[in-house]
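So the structure is just underneath, and the comments pick up after that.
The values are calculated or read from the model by the stated rules, or taken from the named source; none is laboratory data. What you see is a predicted model; the values in this text were computed from it and never measured. Reconstructed Cβ throughout: ideal geometry from the backbone, glycine too, with neighbour counts over all protein chains shown.
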Amino acid sequence: MVGGEIMETKELVRDLIDGKLSMEELYRVISSDKNPHRFKLILDVLQEKVPWDDKIILPLSDSLFIVCKDNIPTVKCKCGFEFGDYRVNWKLKAKIYVRDSEESLQELYRPFMHSDPSWMEIREYYCPECFTLLETEVVPPGYPVVFDFLPDINAFYREWLGEEPPCEAEFVDKTLKYIQEKFK
Amino acid sequence: MRYEILAIDTGGTMTDTFLVDGEGNFIIGKAQTTPDKEYSGILNSLTDALKSSRVEAEIGDVLEGLKAFVYTGTIMINRIVERKGLHPIGLITTAGFEDTIRFGRGKQSWVELPYSERLHAVSHYYPTPIIGRSYVRGVRERVLTSGFEMIPLYEKEAEEAVRYLIKKGVKAIAVCLLYSFANPEHEVQVEEIAKRVMKEEGVEIPIFLSHRINPVIGELGRLNTTVLQIYGAEPSREQFELIKRHLKELGMKAPIRILTSYGTTVSPSHEKLITTVTSGPTGGILGCKYLGDIYGFNYIVGTDVGGTSFDVGLISAGQYSLKTESTINRFLVNFPMISVDSIGAGTGSYIRLDPVTKRVRIGPDSASFRVGVSWVEGGVNTVTINDALVILGHLNPDYFLGGEVKLNRKRAEEMFIDQVSSPLRVDVEEAAEGCLELINLDMRMYLNAMIVGTGHAPENYHLVSYGGGGPLLTAGYTKGLNFQGILVPTWAAAFSAFGASTADYGVRHDLSTELLLTPDGSMDVIVTEMLNHGWGELKKLMEEELKAEGIDPESVFYKPSLRMMYFGMLDDLEVPVVRFPIREDHIEDIKQTYDDMFEKIYARGSKSPEAGYMISRIILSCSLPTPKPKLPDIPESEDTPDEKAYKKEREIFYGGKWHEAEIFEMDYLMPGNVVRGPSVVEAPSTTFVVPPGWKAKLDNHRIFWLEEDGRG
């Protein structure tokens, strides 16, 4: 029978993140009980992979991280570009490419294989510095920019990890306020 | 006294030996499996067996006197699981079906996972294909299900495919074309073309045709069977040869025979050697059938408790059931196998608490041969059922495997407290017994569900308990099920090897077909002709094989059979046919046999002959009677055991309290002796627990009959 205990070492977690685990090893990780220390290991591995020193509090995606910068939780790209306070949707500072025409959609799809641009558009968000594709949104035209993930870092650290958060930050969405101030 | 039959069961971890003489006196041995050189594990196991013999015997003399040597084991399945088979293999298939082997079946992504993981799609994954896509070539052709050639083979494409595969450096070529079981013409054509091309290119690569390996309906099953034959079975022949050579050098004259998954034995040169791949569990069921024949039981359930799994097989109406579809390391195959089902519950199963709910979970994974935390050298850090048994006093820590493996009770207790009983805030004994009761409950419910699922009740069955852990848990997992009788053979630990030794030499060939017997009998003439033709073809094939193995085809006994069902039903049953060729008026007898069988296995009310009958397979088996072990037959003496049999008393925990239990040495118990619980019967290879309120009588065949005191 497949299965069995698997020791979750830093090396294993690194391979897990890099997608280097064999299916059998991955299966054992998936089917085992959750390792309470895994989050720490993941942060350690990620911290080693980025070229800067700001402490990662929480990973947001493959390329984006929330780090503690001057005691403010800040969204930072792996290349080092900073998007500012994590409570403001980072997409506001990203480069955006919108595929809302037959022509642009057909760069990706064959004719008749994509959505109707008058019904649905694809928004691609790129890092202004390294031009990594950070996120893609598929929404009807005119739909507000989606704020993908606004975690409550205080609660996560205190109630889930049982630790003090590295940066103190009140849990509110500051996006609207930012827009009001920035785009008067 | 001369030993006549030697049966070897090389498991993943232990090699079991069963050696029996002409009077049914047997000895058993155990040794670690040596995957690199199986023969040395086999010799060690044999040496271990001879050590326990009361008569001094040299290995050479024993081997020389043997009449039969039967092998069953994991050589082949390990090769497949570890992906160490023949590589690379090329595949030529019908154009448009090149991806069948990669797609497989959705089922292949979860089929061998434990139930809890089957429920979670995130845990599903597909087995790595044995043949990569670039080694697969499609050729245009099409044969219909009827065998009618709709599109002829594009010979040019076949030729190109062969050239391509030669260039790729393949070591073997598999040919599997659509519906080749109905009409093999195109596969044969491909073979001819391949041979011609190879001659031109000056190479020689073996070719395997799916209709020869497994002429059975179901593309994927036929394809996988063919590929696994090449990948796993072909390279294993060499290993069997090696075993044979080594034993021959030591003086063995008997031929080596390997147990098939459908209950016969074949020689290592058998064309469809893949049918021996998972024969381990088969042995146990054959052993049960053999006991059934001796005692006159027609309904038996065989239960095998190993370190890792609990295997259950049923014999109903005197027949074990064959399943026609199964999986090997997740690959769907469709050659016949004796149906044995299992759950991941054994004596080595890990005990863990759910970190959130603190619910006790047992298995499904196990420490297998590493016993548990009580065996320090095993390096296990999670407690197991074995540890619970040591804590409860059921297992003797100083007599595990005859004392060769010393168990540490204190360590077991400490870690059990730490991992289980203290988080649950109960006493360690209470926790250990609770865990034991849980695994027993799992087994009991599974057993009951299996039997009830066939429309019977445990009251109809005799239960045989075997495997190293069977006798330890028998009382627990049978309690309250009211079996006709519970049999615990004294050779439980090597029962599978024993079962293997009862198998005749024989082969079986299946041929898929679709023959309809209409209610008005208008098809009887044609069907008769088709059946006779089918059997004739199979017989020709068989005769060829027998000659190749050096057996006179005249000396074997042919047994024709059919698989059939009521027209419109989905599950077929195997119907024995007395002889062939048959005459038209025999069709009525065949229908009658099927009706009777259906009634016994299902229910009278669900018979539905109104729409006629469908014959789905033509089957021919042949067998060559081979020497079988006799059971010991010793007249029963008085019911009080001899003084020699008593060992030091020990406390065992049962039903919430400690009991002073009598401990017996199994070897010194004589037929007729009755052991009353609480007591424990110990042997080097197994431990038999008779709890308070139970008793066990040893009968003349050296089999214990376990029952609750005062019952019956």
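Between residues in segment B:237-262 that are touching a residue at least 12 places away in the same chain (Cβ under 8 Å) and residues that are crowded, with 18+ Cβ neighbours inside 10 Å and acidic (Asp, Glu), which pairs lie under 7 Å by C-beta distance while being six or more apart or on different chains?
Short answer, once both residue conditions are applied: B:239/B:38; B:243/B:38.
Return the residue satisfying two criteria in turn: it lies in segment B:354-379 and is at pLDDT below 90, in a loop (DSSP other than H, G, I, E, B) and closer than 20 Å to residue B:399 by Cα, and of such residues it is nearest to the other protein chains (Cβ to nearest Cβ).
Filtering segment B:354-379 for residues that are at pLDDT below 90, in a loop (DSSP other than H, G, I, E, B) and closer than 20 Å to residue B:399 by Cα, the one nearest to the other protein chains (Cβ to nearest Cβ) comes out as B:367.
Given the criteria exposed (fewer than 13 other Cβ atoms within 10 Å of the Cβ), without any contact (Cβ under 8 Å) to a residue 40 or more places away in the chain and under 24 Å from residue A:47 (Cβ atoms), does residue A:116 qualify?
Here the answer is no, as residue A:116 does not meet what is asked.
What single numbered condition from (1) within 30 Å of residue B:472 (Cα to Cα); (2) touching a helix residue (DSSP H, G or I) at 6+ places or on another chain (Cβ under 9 Å); (3) assigned to a helix (DSSP H, G or I) fails to hold for residue B:294?
Evaluating residue B:294 over (1) within 30 Å of residue B:472 (Cα to Cα); (2) touching a helix residue (DSSP H, G or I) at 6+ places or on another chain (Cβ under 9 Å); (3) assigned to a helix (DSSP H, G or I) leaves (2) as the failure.
Look at residue B:199 and say whether it is farther than 27 Å from residue B:509 by Cβ, among the basic types (Lys, Arg) and touching a residue at least 60 places away in the same chain (Cβ under 8 Å).
Judged against the criteria, residue B:199 is not a match.
If residue B:387 satisfies every condition in (1) surrounded by fewer than 23 Cβ atoms within 10 Å (Cβ to Cβ); (2) in a helix (DSSP H, G or I); (3) not aliphatic (A, V, I, L, M) but one, which is the exception?
The failed condition is (1).
Against the conditions (1) over 37 Å from the mean Cα position of the chain (by Cα); (2) part of a helix (DSSP H, G or I); (3) closer than 22 Å to residue B:85 by Cβ, where does residue B:195 fall short? Just the number, please.
Of (1) over 37 Å from the mean Cα position of the chain (by Cα); (2) part of a helix (DSSP H, G or I); (3) closer than 22 Å to residue B:85 by Cβ, only one is false for residue B:195: (3).
Give segment B:333-348 a look and list any residue that's among the small types (Gly, Ala, Ser) and more than 14 Å from every other protein chain (Cβ to nearest Cβ), or say none.
Result: B:339, single match.
Of all the helices (runs of 4 or more DSSP H) wholly in segment B:89-170, which have at least 3 residues that are away from every other protein chain (no Cβ under 14 Å)?
Helices (runs of 4 or more DSSP H) meeting the threshold: B:100-103, B:155-167.
Report yes if residue B:299 is more than 12 Å from the chain's Cα centre (by Cα) and within 21 Å of residue B:437 (Cβ to Cβ), otherwise no.
No, not satisfied.
Among the numbered criteria (1) more than 26 Å from residue B:392 (Cα to Cα); (2) without any contact (Cβ under 8 Å) to a residue 12 or more places away in the chain, which one does residue B:500 miss?
(2)
Of everything in segment B:68-86, what is in a loop (DSSP other than H, G, I, E, B) and surrounded by 16 or more Cβ atoms within 10 Å (Cβ to Cβ)? Give them in sequence order.
Those that are in a loop (DSSP other than H, G, I, E, B) and surrounded by 16 or more Cβ atoms within 10 Å (Cβ to Cβ): B:74, B:85, B:86.
Select from segment B:540-560 the residues that are crowded, with 20+ Cβ neighbours inside 10 Å and assigned to a strand (DSSP E or B) and list them in ascending order.
B:560
Which one is surrounded by the most Cβ atoms within 10 Å (Cβ to Cβ), of the residues in segment B:289-319 that are away from chain A (no Cβ under 14 Å) and under 24 Å from residue B:385 (Cβ atoms)?
B:302
I want to confirm something. Restricting to segment A:72-105 and keeping residues that are assigned to a strand (DSSP E or B) and acidic (Asp, Glu), which single residue is farthest from residue A:145 (Cα to Cα)?
So, considering only residues that are assigned to a strand (DSSP E or B) and acidic (Asp, Glu), the one farthest from residue A:145 (Cα to Cα) is A:82.
Here is a list: A:99, A:158, A:110. Which entry is free of Cβ contacts under 8 Å to residues at least 40 places away in the same chain, more than 18 Å from the chain's Cα centre (by Cα) and under 25 Å from residue A:39 (Cα atoms)?
None of the others qualify; the one that does is A:158.
Does residue B:159 qualify as being more than 22 Å from residue B:229 (Cα to Cα) and buried (at least 17 other Cβ atoms within 10 Å of the Cβ)?
Considered against the rule, which asks whether it is more than 22 Å from residue B:229 (Cα to Cα) and buried (at least 17 other Cβ atoms within 10 Å of the Cβ), residue B:159 comes out as yes.
Please tell me if residue A:149 is among the hydrophobic types (A, V, I, L, M, F, W, C), within 21 Å of residue A:74 (Cβ to Cβ) and in a loop (DSSP other than H, G, I, E, B).
Against the criterion (among the hydrophobic types (A, V, I, L, M, F, W, C), within 21 Å of residue A:74 (Cβ to Cβ) and in a loop (DSSP other than H, G, I, E, B)), residue A:149 qualifies.
Of the numbered conditions (1) in contact (Cβ under 8 Å) with a residue 60 or more places away in the chain; (2) in a loop (DSSP other than H, G, I, E, B), residue B:281 fails exactly one; give the number of that condition.
That leaves (2) as the condition not met.
Against the condition in contact with a Pro (Cβ under 7 Å, 6 or more places away or on another chain), surrounded by fewer than 24 Cβ atoms within 10 Å (Cβ to Cβ), within 11 Å of another protein chain (Cβ to nearest Cβ) and at pLDDT 90 or above, how does residue B:330 come out, does it pass?
Yes; evaluated as a whole, the condition is true for this residue.
Working carefully through the options B:467, B:485, B:453, find the one that is within 17 Å of residue B:348 (Cα to Cα) and not polar (S, T, N, Q).
The match here is B:467.
Give the residues of segment B:474-496 that are of a type in the set (Gly, Ala, Ser) and buried (at least 23 other Cβ atoms within 10 Å of the Cβ), sorted by residue number.
Residues satisfying the conditions are B:475, B:492, B:493, B:494, B:496.
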